[in-house]
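What follows is a short report on a single structure.
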Amino acid sequence: MATSLTWRDHLGTIGARSGLCRNNYKLIPGLYCTGTPDPDSPVLATANYKLSFDALRKELTGIDAWILVLDTRGINVWCAAGKGTFSTAELAYQIQQARLAERVSHREILLPQLGAVGVCALELKKTTGFKGIFGPVQASDLPRFLNSGKIADEAMRTITFSLAERAVLVPVEICLLWKPILIALLSIFLFSGFGPEIFSLAAAWQRGVTAAATTLLAVLAGAVATPLLLPWLFGRQFWLKGLQTGLIAGLITLILFSKQAGLLAGFGLFLWSISISSYLAMNFTGSTPFTSLSGVAREMRRGLPFQAGTAVLALVCWVAGAFF
């Protein structure tokens, strides 16, 4: 297996990052290798999400190694460990299927640190005879980890969420929003037509364009500004962070459109910006080291009622504004 990525691999990465082939970007589970491994070569485990597999193999240039790919249903290591597909049972099954004990002379398998929640090293040892060793967080640290006697320092164990790591999440969020945005825009144009004349196509177009512009600005606030500005936004819960960027988007909306929309309708647009931005920001809770599974559930219990209530109030103000 080559360690350098081809143009097809790069196109696949773009497709996965943009959400175009995110749900089916996987490879067949089993045993792969880089270079010409022998019985003494290290064994590394990963998920069958091809983005995870490519991130691993491209860091193994010049290293003879075995790569054991688990069937995680095309889900990355971190999410698969939480869902139970990157697990002790699946790891033991693939070790048996690959007849790994016959291929290597040692009894060690290197596991990604982000998969720790799904694998019990003690149970793995009892079941298969292989000792699980958790490697660094980043695949780029693997060469240094292997050369240092499989000892990870603090930097290797630290999970980061840098500007570049946050920015890479933006395209897929934007691309996955096209259906909800389309439905929202159609609904906005429909409600914008209600007024003293019962329903007016001219009003639907005129007021709908204003509401649509507000919606798109709120999308940028929640799906783009929130992850990029994350460290500087107050609080830990993402719905609160999105609320803050939504406030900024709402103020911009008031400045641009309140005169033509009217005070009540302008207030509706302001509330709409807050609701949309806060809701979209919550999508990042599962993409960061900021929250746990219980933390995500707790945040949704707090954020969703606020967002739903704000959206309903915004709609009432927007429709009522046409009568004043």
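Hey, fewest Cβ within 10 Å first, where do F130, F234, F194 land in order?
So the residues, fewest neighbours to most, are F234, F194, F130.
Can you work out the FRET efficiency for the pair E154 and R298, with r the C-beta to C-beta distance and R0 = 30 Å, to the nearest 0.05?
In this case the efficiency is close to 0.55.
What three numbers, in Å, describe the spread of the alpha carbons of the stretch 7-159 along their principal axes, ordered from the longest?
Taking the Cα atoms of the stretch 7-159, the three principal extents are 41, 31, 30 Å.
From the Cα gyration tensor of the stretch 204-294, with a ≥ b ≥ c the square roots of its eigenvalues, which class applies: rounded if a/c is under 1.5, or else prolate if a/b is larger than b/c, or else oblate?
Numbers: a/c = 2.88, a/b = 2.44, b/c = 1.18.
In terms of gyration-tensor shape, prolate.
Where in the stretch 266-282 does the amide nitrogen come within less than 17 Å of the point 7 Å from the Cα of S200, taken along Cα to Cβ?
266
Once the Cβ-Cβ distance between C120 and E165 is put in as r, and R0 is 25 Å, what FRET efficiency do you end up with, to the nearest 0.05?
Working from the Cβ atoms, E equals 0.30.
How far, in degrees from 0 to 90, does helix 7-18 lean away from the longest principal axis of the Cα atoms of the chain, to the nearest 10?
40
With each pseudo-label sitting 7 Å past Cα toward Cβ, what's the I28-A320 distance in nm, one decimal?
6.4
What percent antiparallel are the DSSP beta bridges of the chain, to the nearest 5?
45
Counting C-alpha atoms alone, how compact is the chain: give Rg to one decimal and Dmax as a whole number, in angstrom.
24.8, 83
If you plug each phi of the stretch 172-180 into the Karplus form 6.51 cos²θ - 1.76 cosθ + 1.60 with θ = phi - 60°, what whole-Hz ³J(HN,Hα) values come out, in order, with x for Gly and Pro?
Computed from phi, the couplings for the stretch 172-180 are 5, 5, 5, 5, 6, 8, 4, 5, x Hz.
Can you give the log10 of the normalised intensity I(q)/I(0) at q = 0.18 Å⁻¹, computed with Debye over equal Cα scatterers of the stretch 1-86?
Values, matching the q order: -0.76.
How high is the FRET efficiency from F306 to C175, r the C-beta distance, R0 30 Å, rounded to 0.05?
Efficiency for this residue pair is about 0.70.
With runs of 4+ DSSP H residues as the only contributors, calculate the mean residue ellipticity of the chain at 222 nm using -39,500 (n - 2.57) per run, divided by the residue total and rounded to the nearest 500.
Details: 15 runs with 177 residues, N = 324.
Only helices count here, giving -17000 deg cm²/dmol.
For the chain, what is the charge dipole size about the Cα centre, in debye to the nearest 20, if Lys and Arg each add +1 at the Cβ and Asp and Glu each add -1 at the Cβ?
I would put it at about 420 debye.
How many lysine pairs does the chain hold where the Cα atoms are under 20 Å apart and the two sit 8 or more places apart or on different chains?
The number of close lysine pairs in the chain is 8.
Relative contact order for the chain using alpha-carbon pairs under 8 Å, separation at least 6, rounded to a whole percent?
Over the chain, the number comes to 12 percent.
I need the P(r) histogram for the stretch 219-266: all alpha carbon pairs, bin width 10 Å from 0 out to the longest distance, whole percents.
28, 42, 23, 6
Quick one: compute the contact order of the stretch 7-159, relative version, from alpha carbon pairs under 8 angstrom and 6+ residues apart, as a percent.
Dividing the mean separation by the residue count of the stretch 7-159 yields 21 percent.
What ranking do S87, S187 get, fewest neighbouring Cβ atoms within 10 angstrom at the top?
Neighbour counts put them in this order, fewest first: S187, S87.
Using all alpha carbons of the stretch 164-321, what is the percent of pairwise distances in each 10 Å bin, ordered from the shortest bin to the longest?
12, 40, 32, 13, 3, 0
We did not get these values from a lab; they are worked out from the coordinates using the rules stated. Predicted model only: the values in this text are computed from it and were never measured. Every residue, glycine as well, gets a Cβ built from its backbone with ideal geometry; the counts of neighbours run over all protein chains shown.
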